[in-house]
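S.K.: Got a structure for you, written out below as structure tokens; questions coming shortly.
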There are 2 protein chains.
Amino acid sequence: MIERPYLLFLGDAPDKLAAKVAQGIRDWRPDNAVGQLRLPGCKADLGLPDLSIGEAVEAGVKTLVIGVANRGGVISPAWKTVLIEALEAGLDIASGLHNLLRDEPELAERARERGRQLHDVRVPSVAYPIANGRPRTGKRVLAVGTDCSVGKMYTALCLEKALTEKGVKATFRATGQTGILITGEGVPLDAVIADFMAGSIEYLTPDNEPDHWDLIEGQGSLFHASYSGVTLALIHGGHPDALVLCDEPGRPHMRGLPDYRLPSLEALRDLALSMARIVNPDCKVVGISLNTSALDDEAALKLCEETEARMGLPTVDPFRHGAKRLADALDGL
Amino acid sequence: MIERPYLLFLGDAPDKLAAKVAQGIRDWRPDNAVGQLRLPGCKADLGLPDLSIGEAVEAGVKTLVIGVANRGGVISPAWKTVLIEALEAGLDIASGLHNLLRDEPELAERARERGRQLHDVRVPSVAYPIANGRPRTGKRVLAVGTDCSVGKMYTALCLEKALTEKGVKATFRATGQTGILITGEGVPLDAVIADFMAGSIEYLTPDNEPDHWDLIEGQGSLFHASYSGVTLALIHGGHPDALVLCDEPGRPHMRGLPDYRLPSLEALRDLALSMARIVNPDCKVVGISLNTSALDDEAALKLCEETEARMGLPTVDPFRHGAKRLADALDGL
């Protein structure tokens with residue numbers, strides 16, 4: 001668990017996209033984001049107050065979160081100066097970078113001296129159990145995709161928002177580093193040892209109140225040759241009561257696999273449901289989430305309507321249209 | 001790669017079953033097994049010459065293999081004396097124990113001093129790639145099961161033997177610690193990091209001659225809530241041309257999951273084939289392997305015949321009846 005609230009470190013981000021982790025925190029947990037810290041040359045701006053480390057501490061910040069990708073996989077001297085200043089001022093640091101904070105001797109030593117935490121969220125910090133396959137109380141929905149990076153995390157976050165707005169108890173459950181940084185906790189599933197994958201998801205989504213929904217962040221795709229095993233562990237560990245199908249229309253091939261075409265929504269529905277029903281025979285597909293970011297408003301709406309008519313399931317782009325219709329479908333289960 | 005041949009260390013095995021790793025080596029790679037080393041009280045006997053460390057070295061042994069489970073997860077002082085003697089005599093040591101040889105300071109230090117290897121085969125020693133999903137030359141068959149521990153490893157080993165006897169080029173590819181100790185190499189799939197599971201199997205089964213068969217050791221089951229993700233990674237990383245369905249009739253429930261009944265062979269066939277065809281549309285189910293060890297000869301034969309009539313696929317217990325009919329089916333592809 002990462003202590004909140006955060007100061008979002010944008011470093012020398014060359015553009016807005018490089019700061020997408022910070023943007024995700026700003027969009028989805030604005031209460032966690034007290035301010036931003038930018039270095040000279042930074043081209044990203046979240047519209048938050050620019051705070052020095054000292055000002056952040058005064059404002060009650062507990063953790064500096066690295067909300068930006070680093071260039072060339074190196075933590076530069078300019079970054080390091082800020083990170084050391086943060087530790088000396090009593091802040092923890094959280095990072096989803098590939099190269100770990102703990103592997104930087106200066107940071108590790110300073111954190112130890114000051115009793116501060118370095119959260120490398122790509123690396124599991126828990127000894128997860130082997131999955132026991134038992135149903136838990138409370139309800140769970142999982143976003144499954146035709147491919148990687150089609151909008152599964154955003155779908156779950158939009159669903160959390162829409163359910164909460166309806167007065168339904170709901171918790172987003174992060175399974176990747178961006179989601180973990182947004183919420184401050186979760187399971188970095190792609191870094192878990194094979195035998196413990198499903199168990200880590202059982203651990204993430206424990207018994208809960210009967211009318212509470214866990215919105216589980218999806219990973220990979222059953223149809224993606226590189227990561228399908230991760231997806232299946234998520235389905236079996238998550239024990240979902242409901243699935244939402246996610247797709248980004250128009251992709252020429254599976255992400256990173258030029259020789260693989262994307263499956264149809266029908267194929268995804270059938271295979272994901274077969275898999276989910278192994279652990280929960282009552283699991284249902286409740287709706288479809290399309291990532292229409294490449295389309296204009298009219299084309300986006302038309303595609304949703306056509307897909308809805310074809311599949312007989314509520315279909316929205318939750319980021320564009322809101323997830324209320326999907327939340328209604330869940331709430332009706 | 002573990003250097004061969006081996007001296008099989010049986011320790012103080014309380015019964016034959018405790019030495020099943022050693023038995024597997026003796027059964028499947030008799031050329032690797034030069035002798036056995038037993039401590040006082042050992043109740044297992046492989047029928048191999050009892051050799052001291054010195055005699056083993058003279059006989060050309062390169063590695064002492066721990067072929068027995070340890071009691072209480074502890075490497076006892078009696079064991080340690082033998083292991084240190086082996087290192088001093090110039091042998092490597094290989095182990096599939098949960099507690100690692102490298103974590104024993106005396107062993108680690110002695111190995112370093114003598115320039116010897118400690119092979120903890122439960123732990124990956126390779127940085128596996130992310131799977132690329134591309135087909136490779138050569139042919140591959142994977143054993144898939146209704147459940148864990150239904151005989152997938154034995155099926156693959158029996159197939160290797162039967163194909164070799166027919167003059168077909170064939171290589172067993174180990175994916176678990178017993179298989180790795182038997183052959184001296186392989187991938188400990190259940191200990192691989194999630195993102196690299198499928199890639200590790202691509203690495204294990206690279207391009208080969210067009211008429212060569214890889215016999216890939218199966219793991220887990222698509223229907224087993226704890227390990228299904230591992231199984232799917234094996235299917236997608238293995239890119240199989242053929243599947244053999246494995247079952248042990250009569251199990252009351254899935255192994256370790258009292259609330260889960262086993263799937264039918266029909267359900268296994270349909271789901272495994274759907275999954276395999278995502279990466280290889282030409283994949284076929286070629287036969288069925290039944291573990292009939294709980295049945296008498298007549299009942300075993302009857303069950304195979306009934307299953308064959310029902311499923312329309314060659315059905316044998318390969319350990320009991322040989323795998324020739326399955327090998328013929330593969331060879332005809």
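The values are calculated or read from the model by the stated rules, or taken from the named source; none is laboratory data. Being a predicted model, the structure only gives us computed values, none of them experimental. We place every Cβ from the backbone using ideal geometry, glycine too, and count neighbours over all the protein chains shown. What goes into the accessible areas is simple: the full protein's heavy atoms, side chains included, and nothing from ligands, DNA or RNA. Shrake-Rupley method; radii C 1.70, N 1.55, O 1.52, S 1.80 Å.
S.K.: Suppose we compare each residue of region B:185-222 in its chain alone and in the full protein complex with a 1.4 Å probe; which ones drop by at least 40 Å² of accessible area?
M.R.: B:190, B:193, B:194, B:195
S.K.: If you fit an axis through the alpha-carbon atoms of helix B:228-238 and take the longest principal axis of the Cα set of chain B, what angle between them do you get, 0 to 90°, nearest 10?
M.R.: That helix lies at roughly 80 degrees to the long axis.
S.K.: How long are the semi-axes of the equivalent ellipsoid of region B:106-262, defined as square roots of 5 times the Cα gyration tensor eigenvalues? Whole Å, largest first.
M.R.: Gyration-tensor ellipsoid for region B:106-262: 25, 22, 16 Å.
S.K.: Using protein chains only and a probe of 1.4 angstrom, how many square angstrom of residue B:1 are accessible, to the nearest 10?
M.R.: That residue has around 140 Å² of solvent-accessible surface.
S.K.: A follow-up question, please. From the phi angles alone, apply the Karplus equation (6.51, -1.76, 1.60; θ = phi - 60°) to region B:29-35 and give each ³J(HN,Hα) in whole Hz, x where the residue is Gly or Pro.
M.R.: 9, x, 5, 7, 9, 7, x
S.K.: Follow-up question, since we're still on this one. With every protein chain present, what is the per residue accessible area of region B:1-44 (1.4 Å probe, Å²)?
M.R.: Computed with neighbouring chains in place, this is 46 Å² per residue.
S.K.: So how many Å³ per residue does the convex hull of the Cα atoms of region A:66-173 work out to?
M.R.: 188 Å³
S.K.: Just grab the label-to-label distance for residue B:277 and residue A:207, each label 7 Å out from Cα along the Cβ direction, in nm (one decimal).
M.R.: So the label points at residue B:277 and residue A:207 sit 4.3 nm apart.
S.K.: If you don't mind, there's one more thing I want to ask. Over every pair of different alpha-carbon atoms in chain A, take the mean of 1/r and invert it; report that Kirkwood radius in Å.
M.R.: Evaluated on chain A, it is 20.7 Å.
S.K.: Let me have the 222 nm mean residue ellipticity of chain B computed from DSSP H runs of 4+ only, each contributing -39500 (n - 2.57), with the sum over all residues rounded to the nearest 500.
M.R.: Result for chain B, helices only: -10500 deg cm²/dmol.
S.K.: Now for a different question. With all protein chains present, calculate the accessible area of residue B:203 using a 1.4 Å probe and round the result to the nearest 10 Å².
M.R.: Its heavy atoms expose roughly 120 Å² to the probe.
S.K.: Could you tell me the extents of the protein assembly as shown's C-alpha atoms along the three principal axes, largest first, rounded to whole Å?
M.R.: 78, 61, 46
S.K.: Taking 0.36 nm per residue of separation and subtracting the Cα-Cα distance, what length does fully extending residue B:169 through residue B:301 add?
M.R.: 44.6 nm
S.K.: Add +1 for every Lys or Arg and -1 for every Asp or Glu among the other residues with Cβ under 15 Å from the Cβ of residue B:107, and state the total.
M.R.: -3
S.K.: Ignoring ligands, DNA and RNA, what percent of the 1.4 Å accessible area of the protein assembly as shown is carbon and sulfur?
M.R.: Looking at the protein assembly as shown in its full context, I get 50 percent from C and S.
S.K.: Where does the charge balance sit around residue B:322 when Lys and Arg score +1, Asp and Glu -1, over other residues with C-beta under 13 Å from its C-beta?
M.R.: That works out to +1.
S.K.: While we're on this one: Can you compute the label reach from residue A:108? Point 7 Å from Cα along the Cβ direction, backbone N cut-off under 16 Å, restricted to region A:56-80.
M.R.: It comes to A:75, nothing else.
S.K.: Okay, moving on. From the protein chains alone at 1.4 Å, what is the descending order of accessible area for B:125, B:200, largest first?
M.R.: The ordering from most to least exposed comes out as B:125, B:200.
S.K.: Would region B:1-65 count as rounded, prolate or oblate if I go by the C-alpha gyration tensor, calling it rounded below 1.5 in a/c and otherwise prolate when a/b exceeds b/c, oblate otherwise?
M.R.: Because a/c hits 1.5 or more and a/b fails to exceed b/c, region B:1-65 counts as oblate.
S.K.: Of the residues B:265, B:163, B:64, which exhibits the maximal mean-square fluctuation in a Gaussian network model of chain B defined by a 10 Å Cα contact cut-off?
M.R.: Fluctuation is largest for B:265.
S.K.: Quick check on region A:235-305: take the gyration tensor over C-alpha atoms, sort the square-rooted eigenvalues as a ≥ b ≥ c, and tell me if it's rounded (a/c under 1.5), prolate or oblate.
M.R.: Since a/c reaches 1.5 but b/c is at least a/b, the shape of region A:235-305 is classed as oblate.
S.K.: Total accessible area buried between chains A and B, 1.4 Å probe, in Å² to the nearest 100?
M.R.: The summed interface area works out to 2700 Å².
S.K.: Counting only other chains, and only Cβ atoms inside 10 Å, what mean value do you get across the residues of A:106-112?
M.R.: Taking all residues of A:106-112 together, the mean is 0.
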